[in-house]
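The structure under discussion appears below in the form of structure tokens.
The values are calculated or read from the model by the stated rules, or taken from the named source; none is laboratory data. A quick note: this is a predicted structure, and the numbers were derived from the prediction, not measured. Methodologically, a virtual Cβ is constructed for each residue, glycine included, from the backbone with ideal geometry; neighbour enumeration extends over all protein chains shown. We work out accessible area using only protein heavy atoms, side chains counted, and drop any ligands, DNA or RNA first. Shrake-Rupley method; radii C 1.70, N 1.55, O 1.52, S 1.80 Å.
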Amino acid sequence: MREPIMKASDLFIRSLEQEGVKYVFGLPGEETLDLLESLNHSRIRFILTRHEQAAGFMAATYGRLTGKVGVCLTTLGPGATNLVTAVAFAQLGAMPLLAITGQKPVKKSKQGRFQMVDVVEMMRPLTKFTKQVVNGRNIPILVREVVRIAQEERPGAVHLELPEDVASEDTVAPSFEMMKSRRPNADDQTLRRAAKMIRQAKRPLLLIGAAANRARTSTALRKFIDKTGIYFFNTQMGKGVVDERHRRFLGTAALSQNDYVHCAIDRADLILNVGHDVIEKPPFFMQEGGTRVIHINHFPAVLDAVYFPQLDVVGDIANTIEALTQKVENNPNWDFSYFKAVKREFEKHIKANADDGRHPVIPQRLVAAVRRVMPPTGIIALDNGIYKLWFARNYKAYHTNTVLLDNALAAMGAGLPAAMAAKMVFPKKKVLAVCGDGGFMMTSEELETAVRLGLNLCILVVRDNAYGMVKWKQVALGHKQRGLDYDNPDFVKYAESYGAIGHRLEKTDDLEPMLRDCLESPGVHLVDLPVDYSENHRVFDEELPQITCGF
Ligand SMILES: Cc1ncc(C[n+]2csc(CCOP(=O)(O)OP(=O)(O)O)c2C)c(N)n1
Ligand SMILES: [Mg+2]
């Protein structure tokens, strides 16, 4: 049978369609016009953004939420260099992302080196795979290959460069069939060894990390906890995998030490570390002769000076947990009395100041207010600033992927695009972006995109007129607080100029009603929220280091 002939850019887009791609986020240039034309004749929707970085953040978040590759498209040179932060965001955050960039014709070009950057090499340290397409015929197999690489554990970013002349040429269009296969499971002997270690421990503790959030392990973990009664905590990117209202929940390890949860960690003699990723700041430090650790993940532990687990249980996470649930009963030799005390103290601490009426708002009240108004499955997307720590510690997530935060690259500017992508993936869910005034201004031009797309979205701009997180660190180091303050636009007018709806919080009592209004009424809403950051130093540098763990 003769293979059909088609234009290479059409073949590229057809290959993406076959992978189930629904959106391509991007900002094209001359060099990508053939791809754009093919896209416009396809079932895939092109989502135009105002900056390439935002297109990348949106595509990566799409990948994070669906487990399917998110796709973004930019032109060569400046378009591609604008994309690198988002590619790193996906790669470090384990989000499946395919970045496609254009390039000048490779066979002959009359423009010398105008706009030429070696994009394939630029992407090498930021991706799992990067390649230039040199022959249209290779496109179907190459697209299949990069999607597989992007999506398989550990997920991440891949890149393809499609030169203009390759995109426009006619090519044969081979097709092939592939069947789905399942991930391998851990072997029974290792599972039995893990079960034995858990049975023999006195105070086992469960840690839920980032990989558990994408592997849909919620039900398995919940059953394990309910059957065994083992207490658990999570990392920032593991938030929500098991409902944090659970009576066995001990908190989120947002800080590396000196928090209530660390009292429990220090007393545990065995930690079951599920889905941990060393890219997150270490939730605890291992020591020679200290707490033993079982590493449960799709891939073996990456060892370093503070992480050297005694046992690796490698295989599908949900399956491992189900097998352990069968093998481990609640054990009368376990002593959870101390964890119970930690739980009591932690809950007391979280409630403290949650109703504080001070204006400007303090972070504890802000977090409590957001939790009160968000429905259980509502999604908050956090940008990067000091409020992220407060949300990670004080905001209880009830469901998987309802707190989108980036504890991997931790790039400012991701909050709004992530919220936009979340709203596109889950149009029925309420979505709130929480951004600092610094981070918001890094991608605020996407307000236009959000309005144009007709997204119903609420954006909270936490305003301290400064890079607050860094200011807080200045104090902690004993430096003078200097050089980090700035002025802001009038955020209400700024929102309005984009066709969004602006609100300004004038008194703290209005906080909950204002947020409710924002979430309930259609359109893009922005809340200008003045914040009082004096609690950062008081709680993080003064109160928490005083915890004696003697409860
Ligand atoms: C792109 C980027 N640049 C710089 C940093 C370093 N950084 C981390 S938090 C922060 C301050 C954030 O300020 P803002 O968004 O206003 O939040 P705030 O801490 O003031 O609430 C900075 C500069 C970063 N994480 N990402
Ligand atoms: Mg700020």
### Message
Could you go through the range 335-347 and let me know if any residue there is in contact with a Pro (Cβ under 7 Å, 6 or more places away or on another chain) and surrounded by 19 or more Cβ atoms within 10 Å (Cβ to Cβ).
### Response
no
#### Entry: Residue check for I362: within 15 Å of ligand 1 (Cβ to nearest atom) and open to solvent by less than 20 Å² (accessible area, probe 1.4 Å)
yes
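Yes/no per residue for (1) more than 9 Å from ligand 2 (Cβ to nearest atom); (2) within 20 Å of R504 (Cα to Cα); (3) hydroxyl-bearing (S, T, Y):
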site	(1), (2), (3)
I459	yes, yes, no
M469	no, no, no
G478	yes, no, no
R482	yes, no, no
#### Entry: Matching entry among R372, R393 (being touching an Asp or Glu at 6+ places or on another chain (Cβ under 8 Å), open to solvent by 30 Å² or more (accessible area, probe 1.4 Å) and either basic (K, R) or under 27 Å from L205 (Cα atoms) (or both))
R372
### Query
Does N330 satisfy the criteria of being in a loop (DSSP other than H, G, I, E, B), at pLDDT below 95 and in contact with a Gly (Cβ under 7 Å, 6 or more places away or on another chain)?
yes
## Note on the structure
Expected single match for in a helix (DSSP H, G or I), touching a helix residue (DSSP H, G or I) at 6+ places or on another chain (Cβ under 9 Å) and open to solvent by less than 10 Å² (accessible area, probe 1.4 Å) among L33, L16 is L16
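Residue-by-condition table, conditions (1) in contact with an Asp or Glu (Cβ under 8 Å, 6 or more places away or on another chain); (2) modelled with pLDDT under 95; (3) in a helix (DSSP H, G or I):
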position	(1), (2), (3)
A381	no, no, no
A419	no, no, yes
A433	yes, no, no
G439	yes, no, yes
### Message
Looking for something within 11 Å of ligand 1 (Cβ to nearest atom), small (G, A, S), more than 26 Å from R247 (Cα to Cα) and buried (at least 21 other Cβ atoms within 10 Å of the Cβ) - is there at least one such residue anywhere in the range 415-434?
### Response
yes
### Task
Could you list all residues from the range 446-471 that are within 15 Å of ligand 1 (Cβ to nearest atom) and open to solvent by 30 Å² or more (accessible area, probe 1.4 Å)?
R463, D464, N465, Y467, M469, V470, K471
## Note on the structure
Counting only helices (runs of 4 or more DSSP H) entirely within the range 188-248, those with at least 2 residues that are modelled with pLDDT under 95 and open to solvent by less than 10 Å² (accessible area, probe 1.4 Å) are 210-214
### Task
Could you give me the residue pairs with C-beta distances under 9 Å whose first residue belongs to the range 175-201 and is within 30 Å of S15 (Cα to Cα), whose second residue is in a loop (DSSP other than H, G, I, E, B) and hydrophobic (A, V, I, L, M, F, W, C) wherever it lies, and which are 6+ apart or on separate chains?
R183/A215
### Members of the range 491-528 that are surrounded by 13 or more Cβ atoms within 10 Å (Cβ to Cβ) and part of a loop (DSSP other than H, G, I, E, B)
Y498, G499, A500, L505, G523
### Summary
If we ask which residues in the range 369-413 are within 16 Å of ligand 2 (Cβ to nearest atom) and closer than 22 Å to A54 by Cβ, their number turns out to be 11
### Message
Suppose the filter is of a type in the set (G, A, S), open to solvent by less than 10 Å² (accessible area, probe 1.4 Å) and touching a Cys at 6+ places or on another chain (Cβ under 8 Å); does G63 pass it?
### Response
no
### Query
From the set of residues in the range 442-457 that are out of contact with any Lys or Arg (no Cβ under 8 Å at 6 or more places or on another chain) and not in a helix (DSSP H, G or I), which is nearest to G413 (Cα to Cα)?
S444
